[in-house]
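**Student:** Please find one structure pasted underneath; my questions will follow.
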Amino acid sequence: MNLFLKLLFRNRLAAMGAVVLGAILLLVLLTPFLPLQDPDVTATADRFKRPFTEGHLLGTDHLGRDLLSRLLHGTRLSLAIGIAAALIAATIGSAIGIIAGYFGGRTDNIIMRGVDMLMAFPYILLALAIVAALGPGLMNALIAVAAVNVPFFARNIRGITVGLAGREFIDAARLAGMGHGRIILTELLPNVLPVIVIAMSTTVGWMILETAGLSFLGLGSQPPQADLGSMLGEARSAMISHPHTSIVPGTMIFLIVMSINLLGDGVRDALDPRLRSGALSRPRATTLVERQGEIPEETDDLLAIKELETQFHVGNRIYRAVGGVSLAVKAGECLGVIGESGSGKSVTALSVMGLVASPPGVITGGAVRFQGEDLIGARYETLRQKRGDRVAYIFQDPLSTLHPLYRVGQQLAEAIQSHHKVSNAEARARAIRLLQDVRIPNAEARVDNYPHEMSGGMRQRVGIAMALANEPDVIIADEPTTALDVTVQAQILSLLDDLRRDRGLAIIFITHDFGVVAQLCDRVAVMYAGRIVEEGPTQAVLKAPAHPYTKRLIACVPELGGGRRALAAIPGLPPVVDNLPEGCAFAPRCDKAQENCRAGDVTLKGTAPRAVRCLYPEVAV
Amino acid sequence: MPALKVTNLAKTFPLKKPIFGPAPPGVRAVRPMSFEVATGETLGVVGESGCGKSTLARMLVGLLEPSEGSIEIEGRALDNADPAEFGKLIQYVFQDPQSSLNPRKTICQVMEAPLRRLYRMQKPERDKRISEIFASVNLREEFLDRYPHEFSGGQAQRIGIARALAANPRIIILDEPVSALDVSVQAQVLNLLADLKAQFGLTYLFITHDLAVVEAVSDRIIVLYFGAVVEIGRAENIFANPRHPYTRLLADSAPVVGKPLTAPEQKGSELPDPLNPPPGCAFAGRCPRATEICRADEPKLTEMGEDQLAACHHPLEG
């Protein structure tokens, strides 16, 4: 709650709205106790007094009634009606939406078609029709405004509920023996409540306007009772001769609606979970660079990551996702990077081309040299030219990396044309050739498919084809087969292996699967808590792991053909990188750890090509 | 008496009837299948995405109504689709531990639900039961007041297992319980499951796509392909001596340290289209041994060797 208020008031406009609305609310709450004149007592002798005249701070209207008193009483009424209408519309609309979204099928169909029918009428016409049927009067205006807004809530909440109703925790609740009513009340409602609050905060303003509109037409509050709409309506005839009678209620409507809308936007922003994590703004085009210390020298590798440090700055916390990683690949070489989730392997990969989202990501040290040129801190245009052209990525989930609304051929052509000036026909021909290269059968027809028309394996082939589109020198593959079935994975791996042999591609292959690394990679680097703990030729590392973590991680992986058995496990959890222990990060889970493991920094040492970051390695390297 | 007996269980999802013309036949997500699970046994179910393993699991726990066939638990037929009745006998552990916990409920509220709804326990009784369960899954009781997002994947999955245990079921369906977890944590959860089984005399149905995991934890294994059982056998035998060419393909595709990289099939092979299923054996299009009869006749599950059944016209030699 405190966090919510802090976020809300960080938005200055919302804070201003809150102050104005608060002042108005305070004023109308105090109205009955203020020494005001009776708002309904007419004094025709005093009609159309200007503001700031003796006894009438805001002047008087066409019947000589005190405008200040009428304004405050009118605002009180208008606000009450608006908020009541919003509450009624939200309750009924949300109930309809939740029921339609939860039960789905025919129930959903019937309810939502009914709602559609309501929405097919222009809302003011509908409100007029309702008031016409019920007769003029404030209560009837309230009913009309609420009824007109029910569809808005129903549709909004139904959409959210449909998404939630398919979630596993709803199934779990059903298995725990809950009935439909209880699931709706205790499982669904708490999850849609923030959306209801947001929708309400943005619609109260409209509802006040709509009620004022009905009153303006004489269908809402009846004389002599004042509300903002009827005050405007009565002042209409004197608008030219005595403008203050219209300006006073008009300004009040303006202030109320404006402050409610600003506050409502602020509430929406503050409740949105995406904004809470600090991603308040659009990420920058490249990762923010704030390097301290020396910039490492260049080497003769094709791509060399040197002492790279990438951090995430969230609030006061600093997450050291990558803490000084050095890796290098030569042409035609495949380097495996292995680690568990949170070990920093993906952040390392994304840092290469400045693709880590900033904020919150910051590269705080090291260098990434591609053919000698430092990419960290390079100008955006330099990076953009190299992205996808010299260094290409393949990501884990091809369904989320391909655009769902474009044909795969168009997306491949776009990848080519953003780096090379070629005609559309030429780009399409190359797209077909690329699809053939990744062994998609019937490529001429498949090029016109949308991503959803392909299977997971096919989509990942398209992802690989896109990475190959500009014949890059380096491909960084971030868990490209994790989402795929084993038979498809085997096909994709052998495809990647052929490609690198045929084209001399360098591949950085990120995975958590030792079997995959063993089959594909020449060298492997094992990461733990943002640092490399061991590296060396794949066969050597897998046969004789030197770091206790590597050894025990390999033991955790069940292998086919081992039969039924208890599996080895590493007790405990990997450390959170905003609070790394002193010394070796693995020491708390390691059964060989000594006092000095927890004391100072452990360096990565050994004779090339092997190295290990351990004081008591399993084998000497 | 088997703990779980499934007879001719099948699920067909109807397709929308077009405005003109007759209704299409519908998607047969699970073709009629029969199997038994003995008390205390772990039956592994493997297959690739789209083979019907999740549909099968959801029918077994009563979240989905079967189109035909019956389910018996310890000799009692479960024909009513009341999840509460199912809940006391058979429970479910979900693949994604985070999304199976309501983000706006504390762990305590999550744990109490089955005790209150299924067993109508009072507060002191519930607290006692929850602390017993938490002790057996190695979770600290201070976790009870926290919300799901505060837990790592492995802890959340243990909470999911604890919730399933709270219903005191005879059978637990484990639907890819470790595939969202890291390797080092995966083993913790698998070993915990083995301990719990011994402690409470449970019966497991373990669904996964990971052959090595299923082999390590199962007594017997069912291989599914395109909604049908293609092979059943003992865990130690089925991948070493597969009879069905699909089982062989699965076993050959699993990456193993020390095995050279070869693609077991070179063509861009695909699962058959569920909207337009092929006649005969569904695997015929990918099978190197397929002949005319495979494309015409659907093979039946037949006994091949000890405790091993396969549905193939041209089975591999043992």
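**Student:** Residue under question is A:ILE183, and the condition is that it be assigned to a helix (DSSP H, G or I), over 23 Å from A:GLY17 (Cα atoms) and among the aliphatic types (A, V, I, L, M); does it hold?
**Tutor:** So A:ILE183 passes the test.
**Student:** Which residues, taken from the range B:135-150, are under 18 Å from A:ALA172 (Cα atoms) and open to solvent by less than 70 Å² (accessible area, probe 1.4 Å)?
**Tutor:** Step one: filter the range B:135-150 for residues under 18 Å from A:ALA172 (Cα atoms), giving B:144, B:147-149.
If the condition is that a residue be under 18 Å from A:ALA172 (Cα atoms) and open to solvent by less than 70 Å² (accessible area, probe 1.4 Å), then B:LEU144, B:PRO148 are the ones that fit.
**Student:** Now for a separate question. Identify all residues within the range B:60-99 that are within 13 Å of another protein chain (Cβ to nearest Cβ) and at pLDDT below 80; write none if there are none.
**Tutor:** Once the filter is applied, which keeps residues that are within 13 Å of another protein chain (Cβ to nearest Cβ) and at pLDDT below 80, the range B:60-99 yields B:ALA81, B:ASP82, B:PRO83, B:ALA84, B:GLU85, B:PHE86.
**Student:** What do you reckon, is B:LEU89 closer than 23 Å to A:GLY179 by Cα and open to solvent by less than 20 Å² (accessible area, probe 1.4 Å)?
**Tutor:** No, not satisfied.
**Student:** Just checking, does the range B:154-161 include any residue being more than 10 Å from every other protein chain (Cβ to nearest Cβ), of a type outside the set (Phe, Trp, Tyr) and part of a strand (DSSP E or B)? Write out each step before concluding.
**Tutor:** Of all residues in the range B:154-161, those more than 10 Å from every other protein chain (Cβ to nearest Cβ) come to B:156-159, B:161.
Next cut, of a type outside the set (Phe, Trp, Tyr) only: B:156-159, B:161.
Then drop every residue that is not part of a strand (DSSP E or B), which leaves none.
Within the range B:154-161, not a single residue is more than 10 Å from every other protein chain (Cβ to nearest Cβ), of a type outside the set (Phe, Trp, Tyr) and part of a strand (DSSP E or B).
**Student:** Out of the range A:30-43, which residues are among the hydrophobic types (A, V, I, L, M, F, W, C) and touching a residue at least 12 places away in the same chain (Cβ under 8 Å)?
**Tutor:** Matches in the range A:30-43: A:LEU34, A:LEU36, A:VAL41, A:ALA43.
**Student:** Collect the residues in the range B:206-239 that are modelled with pLDDT of 90 or more, within 11 Å of chain A (Cβ to nearest Cβ) and part of a loop (DSSP other than H, G, I, E, B), keeping them in residue-number order.
**Tutor:** B:SER218, B:ASP219, B:PHE239
**Student:** Could you say which residue among B:PRO169, B:PRO114 is closer than 25 Å to B:ALA187 by Cβ and either hydroxyl-bearing (Ser, Thr, Tyr) or touching a residue at least 24 places away in the same chain (Cβ under 8 Å) (or both)?
**Tutor:** Unique residue meeting the criteria: B:PRO169.
**Student:** Do you know which residues across the range A:404-415 are at pLDDT 90 or above, open to solvent by 50 Å² or more (accessible area, probe 1.4 Å) and not charged (D, E, K, R)?
**Tutor:** Looking only at the range A:404-415, we keep the residues that are at pLDDT 90 or above, and these are A:405-415.
Then keep just the ones that are open to solvent by 50 Å² or more (accessible area, probe 1.4 Å); that gives A:405-407, A:410, A:414.
A:LEU405, A:TYR406, A:GLN410 - these are the residues of the range A:404-415 that are at pLDDT 90 or above, open to solvent by 50 Å² or more (accessible area, probe 1.4 Å) and not charged (D, E, K, R).
**Student:** So which of A:THR607, A:THR550 is more than 15 Å from A:GLY323 (Cβ to Cβ) and open to solvent by less than 20 Å² (accessible area, probe 1.4 Å)?
**Tutor:** A:THR550
**Student:** Taking A:LEU26, is it among the aliphatic types (A, V, I, L, M) and open to solvent by 30 Å² or more (accessible area, probe 1.4 Å)?
**Tutor:** yes
**Student:** Now a separate question. Could you list all residues from the range A:82-97 that are among the aliphatic types (A, V, I, L, M) and open to solvent by less than 10 Å² (accessible area, probe 1.4 Å)? Outline the logic, then answer.
**Tutor:** Here is the first cut: in the range A:82-97, the ones among the aliphatic types (A, V, I, L, M) are A:83-90, A:92, A:95-96.
A:ALA85, A:ALA86, A:ALA89, A:ALA90 - these are the residues of the range A:82-97 that are among the aliphatic types (A, V, I, L, M) and open to solvent by less than 10 Å² (accessible area, probe 1.4 Å).
**Student:** So, A:ARG503, is that one modelled with pLDDT of 90 or more, basic (Lys, Arg) and open to solvent by 50 Å² or more (accessible area, probe 1.4 Å) or not? Reasoning before the result, please.
**Tutor:** Details: modelled with pLDDT of 90 or more: no; basic (Lys, Arg): yes; open to solvent by 50 Å² or more (accessible area, probe 1.4 Å): yes.
Criteria not met by A:ARG503.
**Student:** A:LEU185 fails exactly one of the following numbered conditions: (1) surrounded by fewer than 18 Cβ atoms within 10 Å (Cβ to Cβ); (2) in contact with a Ser or Thr (Cβ under 7 Å, 6 or more places away or on another chain). What is the number of that condition?
**Tutor:** All conditions pass for A:LEU185, except number (2).
**Student:** A:ARG158 is checked against (1) within 30 Å of B:ALA164 (Cβ to Cβ); (2) charged (D, E, K, R); (3) open to solvent by 50 Å² or more (accessible area, probe 1.4 Å) and fails just one. What number does that condition carry?
**Tutor:** (1)
**Student:** If you check B:ASP273 against the conditions, is it under 30 Å from B:LYS16 (Cα atoms), of a type in the set (Asp, Glu), more than 7 Å from every other protein chain (Cβ to nearest Cβ) and surrounded by fewer than 21 Cβ atoms within 10 Å (Cβ to Cβ)?
**Tutor:** Working: under 30 Å from B:LYS16 (Cα atoms): yes; of a type in the set (Asp, Glu): yes; more than 7 Å from every other protein chain (Cβ to nearest Cβ): yes; surrounded by fewer than 21 Cβ atoms within 10 Å (Cβ to Cβ): yes.
So B:ASP273 passes the test.
**Student:** Let me ask something else. Restricting attention to the range A:425-477, which residues are under 17 Å from A:ILE507 (Cα atoms), open to solvent by 20 Å² or more (accessible area, probe 1.4 Å) and not in a helix (DSSP H, G or I)?
**Tutor:** A:GLU471, A:ASP473
**Student:** Which one of A:ARG158, A:ARG106 is assigned to a helix (DSSP H, G or I) and either touching a residue at least 40 places away in the same chain (Cβ under 8 Å) or outside the structural domain of A:VAL204 (by TED's automatic domain parsing) (or both)?
**Tutor:** Testing whether each residue is assigned to a helix (DSSP H, G or I) and either touching a residue at least 40 places away in the same chain (Cβ under 8 Å) or outside the structural domain of A:VAL204 (by TED's automatic domain parsing) (or both) leaves just A:ARG158.
**Student:** Still on this structure, I have one more. I want to confirm something. Restricting to the range A:560-588 and keeping residues that are in contact (Cβ under 8 Å) with a residue 24 or more places away in the chain and surrounded by 18 or more Cβ atoms within 10 Å (Cβ to Cβ), which single residue is farthest from the other protein chains (Cβ to nearest Cβ)?
**Tutor:** Among those residues, the one meeting the criterion is A:CYS584.
**Student:** Out of (1) among the hydroxyl-bearing types (Ser, Thr, Tyr); (2) out of contact with any helix residue (DSSP H, G or I) (no Cβ under 7 Å at 6 or more places or on another chain); (3) within 13 Å of chain A (Cβ to nearest Cβ), the odd one out for B:THR203 is which?
**Tutor:** If we test B:THR203 against (1) among the hydroxyl-bearing types (Ser, Thr, Tyr); (2) out of contact with any helix residue (DSSP H, G or I) (no Cβ under 7 Å at 6 or more places or on another chain); (3) within 13 Å of chain A (Cβ to nearest Cβ), just (3) comes out false.
The values are calculated or read from the model by the stated rules, or taken from the named source; none is laboratory data. Treat the numbers as computed from the prediction; the structure is a model and nothing was measured. Every residue, glycine as well, gets a Cβ built from its backbone with ideal geometry; the counts of neighbours run over all protein chains shown. The area values use the complete protein model at the heavy-atom level, side chains included, leaving out ligands, DNA and RNA. Shrake-Rupley method; radii C 1.70, N 1.55, O 1.52, S 1.80 Å.
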